[in-house]
Amino acid sequence: MSEQFRGVEEFVAAVEAGSFAQAAQRLHITRSAVAKSIAVMESRLGVRLFHRTTRSQSLTDEGAACYERCRRALQELEAARQDIDAGRLVPTGRVRVSMPDVVGRLCVVPLLLELAQQHPELVLEVSLNDRRVDLVEDGVDVALRSGALPDSAVLSARSVGHQWMGVYAAPAYLAARGRPADLAGLRAQFPAHRFIVYGRAGASGLWRFGQGERPEDTLPIPAPALVFDSIEAMCAAAVAGLGLVRLPKWLVAPAVASGQLLPVFDEPVPFGFPMHLLWPHSRRLPLKTRVVLDLLGQRLPGLLAAS
């Protein structure tokens with residue numbers, strides 16, 4: 001960037017993030033680089049932009065006026081970039097995408113294959129792994145995450161719905177062991193049932209219902225009959241009649257449609273794990289990344305809601 005404009009992006013980021021350290025995280029540079037760029041900008045303008053102490057920073061009057069102009073200038077540059085990208089129409093380059101194994105393989109990968117056919121110049125690098133990667137450190141462009149959002153100043157997020165959960169069992173199992181009408185009935189019949197849970201060897205289980213936070217919204221399972229670290233294996237065990245299972249509705253939908261599994265009872269207040277797309281925060285989101293986010297953002301909610 002020309003020396004004339006050096007520090008503009010760092011200055012705006014420092015104002016909006018609230019500190020040089022947070023601005024550095026947002027821009028993926030060091031704190032010292034932010035401080036140096038802003039110092040150069042102050043020297044060039046001949047004014048102080050911030051009142052700074054060891055514990056706080058605030059804008060000077062000159063800094064406040066400068067911020068508004070710099071912010072508008074960056075917005076105009078971003079609008080120009082978007083116009084240029086819109087004119088290209090063809091996204092090119094590498095996009096690294098990370099997602100949990102099963103939902104990725106069954107829901108996301110088919111969508112990415114469509115995208116690859118539409119845009120052959122797009123190079124998709126896809127990781128199917130339940131490990132939570134560090135997007136910035138691992139160089140990941142887009143990640144699909146289940147559960148609560150991380151508290152991060154360097155990541156942006158887009159909701160793609162929920163993984164709604166249900167309790168399921170094979171018809172023969174319910175005929176033999178009984179079919180509770182609701183959660184209270186399941187508690188009452190607890191000793192009569194076998195439970196299939198997610199976890200590692202030796203793990204107990206905890207099923208969440210409703211809001212999932214109050215004691216009455218949880219069902220502890222101290223001695224499950226079967227424990228798997230694969231939700232597909234859990235589904236297969238339930239189809240085989242080996243117990244009750246709690247799984248995402250999208251996963252069991254084919255088994256329910258074929259009559260291999262039945263929903264055990266309706267839940268007045270459904271429980272689900274929120275799903276989000278995450279990507280490193282950037283003022284200049286490349287077209288190649290945006291087409292991935294747009295496709296998954298438009299199509300995944302419908303797939304996850306399938307039941």
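The values are calculated or read from the model by the stated rules, or taken from the named source; none is laboratory data. Treat the numbers as computed from the prediction; the structure is a model and nothing was measured. As a convention, Cβ positions derive from the backbone with ideal geometry for all residues, glycine included, and neighbour counts pool all protein chains shown.
Among the residues making up region 225-284, those that are assigned to a helix (DSSP H, G or I) and either touching a helix residue (DSSP H, G or I) at 6+ places or on another chain (Cβ under 7 Å) or closer than 30 Å to residue 25 by Cα (or both) are 231, 232, 235, 239, 250, 251, 252, 255.
Select from region 1-59 the residues that are among the acidic types (Asp, Glu) and in contact (Cβ under 8 Å) with a residue 60 or more places away in the chain and list them in ascending order. Break it down stepwise before answering.
Pass one, region 1-59, residues among the acidic types (Asp, Glu): 3, 9-10, 16, 42.
Within region 1-59, just 9 meets the criteria.
Starting from residues that are more than 20 Å from residue 240 (Cβ to Cβ) and of a type outside the set (Gly, Ala, Ser), keep the ones in region 175-186 and report whichever is surrounded by the fewest Cβ atoms within 10 Å (Cβ to Cβ). Break it down stepwise before answering.
Of all residues in region 175-186, those more than 20 Å from residue 240 (Cβ to Cβ) come to 180-186.
Subset that is of a type outside the set (Gly, Ala, Ser): 180, 182-183, 186.
Values: 180: 20, 182: 14, 183: 20, 186: 22.
Filtering first and then ranking leaves 182.
Taking residue 136 as the residue in question, decide whether it is β-branched (Val, Ile, Thr) and surrounded by fewer than 17 Cβ atoms within 10 Å (Cβ to Cβ). When the stated conditions are applied, residue 136 passes them.
Taking into account only those residues within region 1-33 that are of a type in the set (Val, Ile, Thr) and closer than 19 Å to residue 77 by Cβ, which is surrounded by the most Cβ atoms within 10 Å (Cβ to Cβ)? Break it down stepwise before answering.
At the first step, the residues of region 1-33 found to be of a type in the set (Val, Ile, Thr) are 8, 12, 15, 29-30.
The next check asks that each one be closer than 19 Å to residue 77 by Cβ; those that pass are 8, 12, 15, 29.
Numbers: 8: 20, 12: 20, 15: 22, 29: 15.
That would be 15.
In the condition set (1) among the hydroxyl-bearing types (Ser, Thr, Tyr); (2) assigned to a strand (DSSP E or B); (3) at pLDDT below 90, residue 127 is compliant with all but (3). Put simply, of 37, 32 the only residue that is in contact with a Gly (Cβ under 8 Å, 6 or more places away or on another chain), closer than 24 Å to residue 137 by Cβ and not β-branched (Val, Ile, Thr) is 37. For the structure I just gave you, tell me whether residue 14 is more than 26 Å from residue 286 (Cβ to Cβ), of a type in the set (A, V, I, L, M) and at pLDDT 90 or above. Considered against the rule, which asks whether it is more than 26 Å from residue 286 (Cβ to Cβ), of a type in the set (A, V, I, L, M) and at pLDDT 90 or above, residue 14 comes out as no. Has region 205-223 got at least one residue that is more than 30 Å from residue 265 (Cα to Cα) and crowded, with 17+ Cβ neighbours inside 10 Å? Scanning region 205-223, I find no residue that is more than 30 Å from residue 265 (Cα to Cα) and crowded, with 17+ Cβ neighbours inside 10 Å, so the answer is no.
Yes or no, residue by residue, for (1) crowded, with 18+ Cβ neighbours inside 10 Å; (2) in contact (Cβ under 8 Å) with a residue 60 or more places away in the chain; (3) under 21 Å from residue 190 (Cα atoms):
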| residue | (1), (2), (3) |
| --- | --- |
| 225 | no, no, yes |
| 230 | no, yes, no |
| 233 | no, no, no |
| 251 | yes, yes, no |
| 258 | no, no, no |
| 264 | yes, yes, yes |
| 268 | no, no, yes |
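When you check residue 184 against the structure, is it part of a helix (DSSP H, G or I) and modelled with pLDDT of 95 or more, yes or no? Criteria not met by residue 184.
Restrict the check to region 187-195 and report whether at least one residue is touching an Asp or Glu at 6+ places or on another chain (Cβ under 7 Å), in contact (Cβ under 8 Å) with a residue 12 or more places away in the chain, surrounded by fewer than 14 Cβ atoms within 10 Å (Cβ to Cβ) and within 25 Å of residue 162 (Cβ to Cβ).
So in region 187-195, the residues touching an Asp or Glu at 6+ places or on another chain (Cβ under 7 Å) come out as none.
Within region 187-195 (the criterion being touching an Asp or Glu at 6+ places or on another chain (Cβ under 7 Å), in contact (Cβ under 8 Å) with a residue 12 or more places away in the chain, surrounded by fewer than 14 Cβ atoms within 10 Å (Cβ to Cβ) and within 25 Å of residue 162 (Cβ to Cβ)), the answer is no, since none of the residues qualifies.
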